[in-house]
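Written below as structure tokens is the structure these notes are about.
The values are calculated or read from the model by the stated rules, or taken from the named source; none is laboratory data. Since the model is a prediction, treat every value here as computed from it, not as a measurement. So basically every Cβ, Gly included, is an ideal-geometry build from the backbone, and we count neighbours across all protein chains shown. Just the protein is used for accessible areas: all its heavy atoms, side chains included, with ligands, DNA and RNA removed. Shrake-Rupley method; radii C 1.70, N 1.55, O 1.52, S 1.80 Å.
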Amino acid sequence: VQLQASGGGLVQPGGSLRLSCRTTTSALRLDMAWYRQGPGNQREFVAEVDTGNRTRYAESVKGRFTIYREYAEKQPNLAYLQMNNLQSADTAVYYCYTLRLGRAYWGQGTQVTVSS
């Protein structure tokens, strides 16, 4: 399974960004998630949406981030992370993640920098 992520960038505090992630090699519907790793920190869970559209969030992003997915015939795994009211603590490399048959797959990471 290959994951392709995009949408990072530089934004001011209070701003918004939307990340997207899609699988390029899997025709099966998979749970999709985002993790992030800030400077000097370990990688941490951010949000998840499963194949039934159930969502789960880290406490630090609840009420600010929204994860959702879209389904298309030829793209069963397209997930978005809408990030609002971004703060400096959200600065990190964001990684898309999925699990298939017990094996974890990661996207290449996309940088989100929140700074004035």
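Please find the FRET efficiency linking SER16 to ARG103, where r is the Cβ-Cβ separation and R0 is fixed at 30 Å, and quote it to the nearest 0.05.
On the way: r = 33 Å, r/R0 = 1.10.
It comes out at approximately 0.35.
Using only Cα positions of the chain, each an equal point scatterer, no hydration layer, compute I(q)/I(0) via Debye at q = 0.14 Å⁻¹ and quote the log10 values to two decimals.
The computed values of log10 I(q)/I(0) come out as -0.52.
I want to verify a result. In a Gaussian network model of the chain, Cα cutoff 10 Å, which of these has the top mean-square fluctuation: ARG36, ARG103, ARG54?
Comparing ARG36, ARG103, ARG54 in the GNM, the peak value goes to ARG103.
Which percent of the Cα-Cα distances in segment 23-89 go past 17 Å?
Working: 1001 of 2211 pairs.
Tail of the P(r) past 17 Å holds 45 percent of the pairs.
Arrange the residues TYR35, TYR94, TYR80 by how much accessible surface each exposes, largest first, with a 1.4 angstrom probe. Provide the component values of the computation, followed by the final result.
Values: TYR35 50, TYR94 0, TYR80 25 Å².
Sorted descending by solvent-accessible area, the residues read TYR35, TYR80, TYR94.
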